[in-house]
Amino acid sequence: MKKPEGVAKLKALLQDADVFLEGFRPGYLAQYGLDYEGVKKVNPGIVYASLTGFGQHSHMPAHDLNVIGLASLSAIDEGYGIALPDAQMSAITAATNAFATICMSLLNREKTGQGRYLDVSLYAAALNMKITGVAALYGCDIQKARPFSRVSHYYNVYRCKDGRYMTVGTIEPKFWRRLCEVLECPEILDRQFDFDHEDELIGIVGEHIAAKTQKEWLDIIGDEEFCFTPVLNLRETLATELTEKQRMLQKVQDPEYGELNYLGYPVKISGYDPQPVRRAQRLGEGE
């Protein structure tokens, strides 16, 4: 691309291409005539997608941790409590946004003949995931109420006796009542929405959960379902019945490495069962 003959070859490919996806800093490709305006001259119907950290108006470098911090995606309450997710939240979501918008743009081109320029950013993708938080923030401003946080006594993660954790997502009153029964703390049965004493209630629930190990809680719960579930590590998650039933772990036999494991496609489509074709290439393999 940094040589004229390389640009010429790429433009020849772009003449009958459907999509051009690039991930350079804003404005970088313009010097080679490969920005949207330049490519549109070669192919007016092209769907041109730019994937950046902060959109076309910022040259700030981006890594997922920086992006989710700026988008408040790592903030779990108004008291500056934080969580650092292992998943690349902004990057994966932005990629998904790009894919969906490219598909919509191609469908639109089938109907109108017009191409599109797509400005896809990790930051916008991360902030868009805060839709419930934004609604709660501005809605509570209007109602002069305390904003609903991701964390409350009935929606939280609690430490067990053995240092493992349980998640409590008992938003529905029937689930909250069942949790109180299982924890044997009837004194807070009718206090689910007592937000004026949030810290006290978190302390009570936390104290009861800390009295038993995660395994003890799982033995007590059994097959009952009321949003009281364990926090698993990745190896445990991959071994669960849920993962198996969703066919999310697919095994492939490789002549060199033996059995390899791949994540399956997350959406199940009738009449279509995508399978891994081959393993990823080693560095330099296939050149």
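The values are calculated or read from the model by the stated rules, or taken from the named source; none is laboratory data. Nothing here was measured: the structure is a model prediction, and the numbers come from that model. Glycine also receives a Cβ, built like all others from the backbone with ideal geometry; neighbour counts cover every protein chain displayed. Heavy atoms of the whole protein, side chains included, go into the accessibility calculation; ligands, DNA and RNA do not. Shrake-Rupley method; radii C 1.70, N 1.55, O 1.52, S 1.80 Å.
Observations on the model:
- Just one of (1) without any contact (Cβ under 8 Å) to a residue 60 or more places away in the chain; (2) in contact with a strand residue (DSSP E or B) (Cβ under 6 Å, 6 or more places away or on another chain) fails for Val168. It is (1).
- Residues of segment 226-282 satisfying the condition of being more than 21 Å from the chain's Cα centre (by Cα), open to solvent by less than 100 Å² (accessible area, probe 1.4 Å) and within 30 Å of Tyr155 (Cα to Cα): Phe226, Phe228, Ala239
- Qualifying positions in segment 10-19 - assigned to a helix (DSSP H, G or I) and either among the polar types (S, T, N, Q) or within 15 Å of Leu29 (Cβ to Cβ) (or both): Leu10, Lys11, Leu13, Leu14
- All positions within segment 1-21 that are free of Cβ contacts under 8 Å to residues at least 60 places away in the same chain and open to solvent by 70 Å² or more (accessible area, probe 1.4 Å): Met1, Lys2, Lys3, Pro4, Glu5, Lys9, Leu13, Gln15, Asp16
- Condition check for Leu65: at pLDDT below 95 and part of a loop (DSSP other than H, G, I, E, B): no
- Boolean, Lys215 is part of a strand (DSSP E or B) and charged (D, E, K, R): no
- Among (1) surrounded by fewer than 15 Cβ atoms within 10 Å (Cβ to Cβ); (2) closer than 20 Å to Gly6 by Cα; (3) touching a residue at least 60 places away in the same chain (Cβ under 8 Å); (4) not hydroxyl-bearing (Ser, Thr, Tyr) - the single one Glu78 does not satisfy: (2)
- The set of residues in segment 198-217 that are buried (at least 16 other Cβ atoms within 10 Å of the Cβ) and among the aliphatic types (A, V, I, L, M) comprises Leu201, Ile202, Ile204, Val205, Ile209.
- Restricting the first member to segment 241-252 and to residues that are under 9 Å from Gly264 (Cα atoms), and the second to residues that are open to solvent by 90 Å² or more (accessible area, probe 1.4 Å) and part of a strand (DSSP E or B), the beta-carbon pairs closer than 8 Å and six or more apart or on different chains are Met248/Leu263; Leu249/Leu263; Gln250/Leu263.
- When Pro85, Pro26 are checked against the criterion of being within 30 Å of the chain's Cα centre (by Cα), under 30 Å from Leu234 (Cα atoms) and assigned to a loop (DSSP other than H, G, I, E, B), Pro85 stands alone in meeting it.
- Criterion applied to Gly55, Gly33 was being without any contact (Cβ under 8 Å) to a residue 40 or more places away in the chain and over 30 Å from Ala145 (Cα atoms), and the one residue passing it is Gly33.
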